[in-house]
Each structure stands twice: as structure tokens, then as C-alpha cells.
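So the structure is just underneath, and the comments pick up after that.
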Amino acid sequence: MGKRIAVIAGDGIGKEVVPEGVRLLQHLDARYGLDLVFTSFDLGADRYLRDGTTMPAELMARMDKDFDACLLGALGDPRVPTNVHAKDILLGMRFQLDLFINFRPIKLLDSRMCPLKDKGPEHVDMVVFRENTEGLYTGVGGQFKRGTPDEVAIEAELNTRKGVERIIRAAFAYARQNGRPSVCMSDKSNAMRHGHDLWQRVFREVASEYPEIHAFHLYVDVLAMEMVRAPERFSVIVTNNLFGDIVTDLGAILQGGLGVAGSGNLHPGRFGLFEPVHRSAPDIAGQGIANPLATHLTAGILLGFLGWPEHQSRVENAVAKVLADRIVTRELGGTATTVEVTDALIARLAH
């Protein structure tokens, strides 16, 4: 059987850029015989407002059985202020399908897009492994005496040995498989002595199994400073859910902004959920000016996950050529439409 890909366009500009990502994948499929099979699902704010559906339980139950991956567009619509549909679709898949790796490549493809002085593609090329199912995003906690002057709110951070070890192992395995020289683990163990002591101990134990890889630790505040001062220090970074959420957005700016930031939510060997990082941008939706490059880079990450790293590299190289030629949308200072950017990208892939 071919590789089966579920497609959820989402909201706002997601409904414009995700079809372009599919078009790119279909081009590569036709040229290289990848045997990709796409199935689209009507999920998002429009569906929720129409009949109250967010993520059908029966679809969730078969998502990682009937599909190898899902390409998901941005979620968020001002008509749904609670964003309940976004939570059920995105966070629902992350947690219920146990997609414990949030995989964020931070790779500068054009020196003109980096806000740091004298930094080029040779300086900004790292990958962040963010733990995706634990930490402070599990909702463990509660409120007591809500709405009174004595209100107490508790948000508990959850760290398990299983969860910490598997994300750290994934980071080291990736470094070894891809010839990356170092893994940096970031925490705040000087202030959070219980959960992050677990991260420290597990990191040291796993690092001892990879003697050829330079393993080092930075507190997260130092990591943030060093990513700006000397991004070339970093090759692979592994950290928890909250810190990973923050430093990957910092990394996105180093590579040129959210418009060129792709991501994957992975359970290796089982399933991957792939999404561009940018917002749904309802203010520009429907105008044909949305930047599709983050979606195209995300499609490349999807191909790498499915076992075709050479096609992921082809996509990255084609995006770099499009950026160099300034065939970009208004967001990046160009005049091209969403469709024209994809046309240019496919033309460069064809050569």
C-alpha cells in the first residue's frame, strides 16, 4: 500500500496554504513514484459552527491505524473565541496519539532573513526536540475559591521517567543518525529541583551511551541568550514542553519568522502530525497573499518522516532558491501570490 496522508486544512489561511502543500507533494509523487494517497477531512471552525463537530471520536480512534501522517493547517477563528475545535483537533491528536516529539528544525535558508548581524546559514542550523505530552501543558492542577480575594490557582508540572527518557533518547538517536555533533539539554534545575533533577539524571545516563556526541547542559535562560549570541553553538536541543514552546519561537525568528517555520509532532514508527507553525491569520485569508513556504517546509519534514530524507532536502533547496530569487509573498517583501510561490517552487524542483 502507498503512504496514506490525512489532510485537515483548518481555518483562515490554512485553507489556502495546505492545498498548496498537497500540490507540492503530488508533484513529487508523480515524479518519483512515491504512491501517496490523500484523504481530506472537513474539520475546523466552519464545521464546528455548522454542526458542533470538533474531532470525531471514531476518526481519532483510527487516525494512526488508517493513516501514516496528517498534514494540518493553522487553527483559530474569531467566531470561536474558546478555540475548542483547535484544542480538540491539535492537542487531542498530540495527547491521544502519544505524539511525544515536537520536532522543530531551525534552519536559515537565506542570510537576508536572519535578524542577527553577520550570521548566515552556516550559523543557524539546529533541531529542537520538545517533549510534547507532559510538563506544564497537561492541565494538572486546579483553582480554589475562584473569584474571591483568596483565590488559589495551581498548575502542576508532570515529568515521568518514561516521558523524559524517550525524548532524550530520540534527540541523541537523531544526532547519531544525522551526523550532528552535539546535544544540549535545557532545563531550570537550579530552581525546579524535583522534576528537573529527573531530567539531569536521565540526560547524563543516556549521554553515556553516545560517547561520540558532545552532550552539554544550559539553563533555559542561558540557552535563550546563547541562541541569539552564538546560534552556531547548537546542533540538537532537547527540552521540556513549556521551554520548548518558547525557544522554538525564538528559533523561528532566527530562521526568518513563522512564515518559514515547519514542524512535526511525531511518534516514530507509528504516526506523525505535521503543521506549519504560523497563525491562521483571518485578517488576510481569502486574498491569495498567504505565505505557503512554512507549509512546503512542513511537507518536506513529512517526507523525511516517511523515509525520504532526500526529498526533504530537495524541498529545502528549492525553498532556498525561491527565497534567493525573491519570489515571495508580501509578508517577506515580495509581490507573488500564494499560488505563484508554489508554481516557482515546483519549477525549481523540476530542474
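Can we say residue 250 is free of Cβ contacts under 8 Å to residues at least 40 places away in the same chain and surrounded by 19 or more Cβ atoms within 10 Å (Cβ to Cβ)?
Considered against the rule, which asks whether it is free of Cβ contacts under 8 Å to residues at least 40 places away in the same chain and surrounded by 19 or more Cβ atoms within 10 Å (Cβ to Cβ), residue 250 comes out as no.
Among strands (runs of 3 or more DSSP E) lying entirely in the stretch 139-197, which contain 2 or more residues that are of a type in the set (Gly, Ala, Ser) and in contact (Cβ under 8 Å) with a residue 12 or more places away in the chain?
Passing ranges, in order: 141-144, 182-187.
Run residue 58 past the list (1) out of contact with any helix residue (DSSP H, G or I) (no Cβ under 6 Å at 6 or more places or on another chain); (2) buried (at least 19 other Cβ atoms within 10 Å of the Cβ); (3) modelled with pLDDT of 95 or more and report the number of the one that doesn't hold.
Residue 58 satisfies every listed condition except (2).
Looking at the structure I just gave you, is residue 215 small (Gly, Ala, Ser), assigned to a strand (DSSP E or B), over 22 Å from residue 122 (Cβ atoms) and not assigned by TED's automatic domain parsing to the domain that holds residue 46?
When the stated conditions are applied, residue 215 passes them.
Can you tell me which residues in the stretch 259-277 are modelled with pLDDT under 95 and within 14 Å of residue 75 (Cβ to Cβ)?
277
Would you confirm whether or not the stretch 234-241 contains a residue that is within 18 Å of the chain's Cα centre (by Cα), more than 30 Å from residue 118 (Cα to Cα) and assigned by TED's automatic domain parsing to the domain that holds residue 164?
Yes, there is a match, as at least one residue in the stretch 234-241 is within 18 Å of the chain's Cα centre (by Cα), more than 30 Å from residue 118 (Cα to Cα) and assigned by TED's automatic domain parsing to the domain that holds residue 164.
Can you spot a residue in the stretch 138-146 that is at pLDDT below 95, surrounded by fewer than 21 Cβ atoms within 10 Å (Cβ to Cβ), within 22 Å of residue 73 (Cα to Cα) and in contact with a helix residue (DSSP H, G or I) (Cβ under 9 Å, 6 or more places away or on another chain)?
No, because not a single residue in the stretch 138-146 is at pLDDT below 95, surrounded by fewer than 21 Cβ atoms within 10 Å (Cβ to Cβ), within 22 Å of residue 73 (Cα to Cα) and in contact with a helix residue (DSSP H, G or I) (Cβ under 9 Å, 6 or more places away or on another chain).
Looking for whichever is over 28 Å from residue 315 (Cα atoms) and out of contact with any Ser or Thr (no Cβ under 9 Å at 6 or more places or on another chain) here; the options are 79, 47. Which one fits?
The conditions single out 79.
If you check every pair at least six apart or on different chains, which have Cβ atoms under 7 Å apart with a residue in the stretch 49-74 that is farther than 18 Å from residue 5 by Cβ first and a residue that is assigned to a helix (DSSP H, G or I) second?
53/47; 54/48; 54/84; 54/85; 54/88; 54/89
Applying the selection to the stretch 85-113, what residues are among the aromatic types (Phe, Trp, Tyr) and either buried (at least 22 other Cβ atoms within 10 Å of the Cβ) or touching a helix residue (DSSP H, G or I) at 6+ places or on another chain (Cβ under 6 Å) (or both)?
100, 103
Looking only at the stretch 7-36, which residues are surrounded by 17 or more Cβ atoms within 10 Å (Cβ to Cβ) and more than 23 Å from residue 282 (Cα to Cα)?
24, 25, 28, 29, 34, 36
Return the residue satisfying two criteria in turn: it lies in the stretch 187-239 and is among the polar types (S, T, N, Q) and touching a Phe, Trp or Tyr at 6+ places or on another chain (Cβ under 7 Å), and of such residues it is surrounded by the most Cβ atoms within 10 Å (Cβ to Cβ).
So the residue we want is 189.
Tell me which residues, restricted to the stretch 228-269, are more than 22 Å from residue 164 (Cβ to Cβ) and of a type outside the set (Gly, Ala, Ser).
Result: 228, 229, 231, 232, 233, 249, 250, 253, 254, 255, 258, 260.
The values are calculated or read from the model by the stated rules, or taken from the named source; none is laboratory data. In this text the structure is predicted, and so the values were computed from the model without any measurement. As a convention, Cβ positions derive from the backbone with ideal geometry for all residues, glycine included, and neighbour counts pool all protein chains shown.
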